[in-house]
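Dropping the structure in here first, questions after.
Bear in mind these aren't lab numbers, they're just calculated from the coordinates by the rules spelled out. Treat the numbers as computed from the prediction; the structure is a model and nothing was measured. Every residue, glycine among them, receives a Cβ derived from its backbone with ideal geometry; neighbour counts consider all protein chains shown.
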Amino acid sequence: MEFFTAHPNQNWDHGPVVDWVEDKYLKLYAKKPRDTWRNIRKLHEEGFLIKVKKGIYRYDPDFVKQREIDDFTTEQKEEILKRDGYKCVVCGRGLENGVELHVDHIKPKYLGGKSTVENGQTLCAQHNFIKKTMKQTETGKKMFIRLYELAKSEGNEELKKFCEDILETYERHNINGHIEWKK
Ligand SMILES: [Zn+2]
């Protein structure tokens, strides 16, 4: 992506791009990367590059901006709501319970989730909020685990204790229990 953003609005054949990436990678990691071309194709699949024709890609900043704001169409939203019976798929509450319904991306957009009916689900405002919050706390827990491991290996007792206190708070509230912390 670094290569393409440095050369916007140009058509690139895979040869020079692969050479550039492999050269950079070799300098950084002292080995050749695997499947460079497949990863470039993946950037296209995720909507960051335009495929001009077979083997030729192009980065258009306006196109990516458009993609970022790209969301479900009104028709798609209607189809998803109808499919889910106008009820939150988590708690089953619907409009008759006075809750506000949202159409949510099951696989988030930032992970390459598409705005398709299959990738959509109905959530009430509360569960939509919880989903977003859980994602944030998940990121936080993973980072504190890493910081904890680092503090432990450096013998930094104060930092280790700080991380322990935070991670114990996660456990006490049973938040993100699927992420394992080995004390
Ligand atoms: Zn709900």
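Just to confirm my numbers, what's the Cα centroid distance between region 76-131 and region 1-63 in Å?
Their Cα centres are 34 Å away from one another.
Based solely on its DSSP helices, what 222 nm [θ] is calculated for the chain when runs of n ≥ 4 H residues each add -39,500 (n - 2.57) and the sum is averaged over all residues, nearest 500 deg cm²/dmol?
Helix contribution divided over all residues of the chain: -17000 deg cm²/dmol.
Next question. Mean separation of Cα pairs under 8 Å and 6+ residues apart, divided by the residue count of region 50-176: what relative contact order is that in percent?
Relative contact order of region 50-176: 17 percent.
From the Cα gyration tensor of region 72-183, with a ≥ b ≥ c the square roots of its eigenvalues, which class applies: rounded if a/c is under 1.5, or else prolate if a/b is larger than b/c, or else oblate?
Prolate shape, in that a/c is at least 1.5 and a/b is the bigger ratio.
Sequence gap at least 6, Cα distance under 8 Å: using those rules, report the relative contact order of region 103-178 to the nearest whole percent.
So the answer I get is 22 percent.
Among Phe4, Cys88, Leu147, pick out the residue whose Cα is farthest towards the positive end of the charge dipole of the chain, where Lys and Arg carry +1 and Asp and Glu carry -1 on C-beta, about the Cα centre.
Projecting each Cα onto the dipole axis, the largest value belongs to Phe4.
Quick one: putting +1 on the C-beta of Lys and Arg, -1 on the C-beta of Asp and Glu, what dipole do you get for the chain around its Cα centre, in Debye to the nearest 20?
Once rounded to the nearest 20, the dipole reads 520 debye.
Separate question: Given springs between every Cα pair under 10 Å in a Gaussian network model of the chain, which of Asn97, Asn128, Asn11 has the largest fluctuation?
Its mean-square fluctuation being the largest, the pick is Asn97.
Using a Gaussian network model of the chain with C-alpha springs under 10 Å, which one of Gln126, Gln76, Gln136 is most mobile by mean-square fluctuation?
Gln136
Compute a Gaussian network model of the chain, connecting alpha carbons closer than 10 Å, and tell me which residue from Ile166, Ile80, Ile56 fluctuates the most.
Result: Ile166 has the largest fluctuation of those listed.
Please report, in cubic angstrom per residue, the volume enclosed by the convex hull of the alpha-carbon atoms of region 4-53.
Hull volume over Cα atoms, normalised by residue count, gives 84 Å³.
Assuming a ≥ b ≥ c are the square roots of the Cα gyration tensor eigenvalues, decide whether region 21-96 counts as rounded (a/c under 1.5), prolate (otherwise, with a/b larger than b/c) or oblate.
It is prolate, given that a/c is not under 1.5 and a/b is the larger ratio.
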